[in-house]
Amino acid sequence: AVFTNLHKRSLRTVQIVLGILGLARTPVSKTWRLNERHYGALIGLNKAETAQKYGDKQVLLWRRSYGVRPPALLKTDKRYKAIVNTYRAVPKKYIPLAESLADTYKRTVPYWKSAIAPAIRGGRKVLVVASHNSLRSLVKYIDGIPDSDIPEFTIPTGVPLVYELN
């Protein structure tokens with residue numbers, strides 16, 4: 001069973017991995033619930049520019065903390081309109097203006113419980129390809145990482161995490 005988000009990079013990664021495994025025809029479940037955390041008004045800004053404008057300490061707090069959201073994107077912002085257009089199939093009420101990791105957790109863990117975990121319990125091998133913070137939220141749940149430890153926890157890019165669950 002393969003699960004991924006709606007981001008082009010993740011979709012392409014799924015194609016590459018399944019191709020290498022000789023499983024290119026495997027059905028893929030795609031969901032917005034595994035999308036990357038929404039960085040609000042920080043979308044499109046690079047880290048250096050953002051740190052120069054807000055300070056390194058504040059940027060680190062927005063990026064790594066569990067419960068702190070970055071500044072919200074305004075609904076009148078062209079970036080918000082682009083997001084809404086890109087994710088037409090996602091009800092607008094689920095498109096946030098900004099998210100903390102805690103917010104990301106609140107949308108990824110229910111998906112884990114309703115779709116991914118049942119596939120595992122059904123004896124299927126599961127592949128989840130998603131973005132850094134959606135994966136951090138799932139690993140937080142699976143491993144029981146406390147809120148206070150999550151700021152230091154990172155997932156290396158391009159390095160598979162393998163879980164053997166019983």
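The values are calculated or read from the model by the stated rules, or taken from the named source; none is laboratory data. Note that this is a predicted model, so its numbers are computed, not measured. We place every Cβ from the backbone using ideal geometry, glycine too, and count neighbours over all the protein chains shown. Each accessible area value is taken on the protein alone, full model and side chains, heavy atoms only, with ligands, DNA and RNA left out. Shrake-Rupley method; radii C 1.70, N 1.55, O 1.52, S 1.80 Å.
Straight-line reach from residue 93: taking Cα to Cα under 20 Å and skipping same-chain neighbours fewer than 8 places apart, the aspartates and glutamates in range are 36, 77, 103.
When the alpha carbon gyration tensor of segment 54-166 is reduced to an equivalent ellipsoid, the three semi-axes, largest first, read 27, 20, 12 Å. Accessible area per residue (1.4 Å probe, heavy atoms of protein chains only) ranks 25, 12 as 25, 12, with the largest value leading. The apolar share of the surface of the chain, taken as the fraction of accessible area on carbon and sulfur atoms (1.4 Å probe, ligands and nucleic acids excluded), comes to 56 percent.
Electrostatic tally near residue 96: other residues with Cβ closer than 10 Å to its Cβ, Lys and Arg +1, Asp and Glu -1, net +2. Per residue, the solvent-accessible area of segment 61-166 (1.4 Å probe, heavy atoms of protein chains only, all protein chains present) comes to 61 Å². Evaluated at q = 0.13, 0.15, 0.23, 0.27 Å⁻¹, a Debye calculation over the C-alpha positions of segment 107-166 (equal weights, vacuum) places log10 I(q)/I(0) at -0.35, -0.47, -1.08, -1.36. Picking from 69, 88, 107, which is most flexible by a Gaussian network model of the chain using Cα springs under 10 Å? Answer for the Gaussian network model of the chain: 88.
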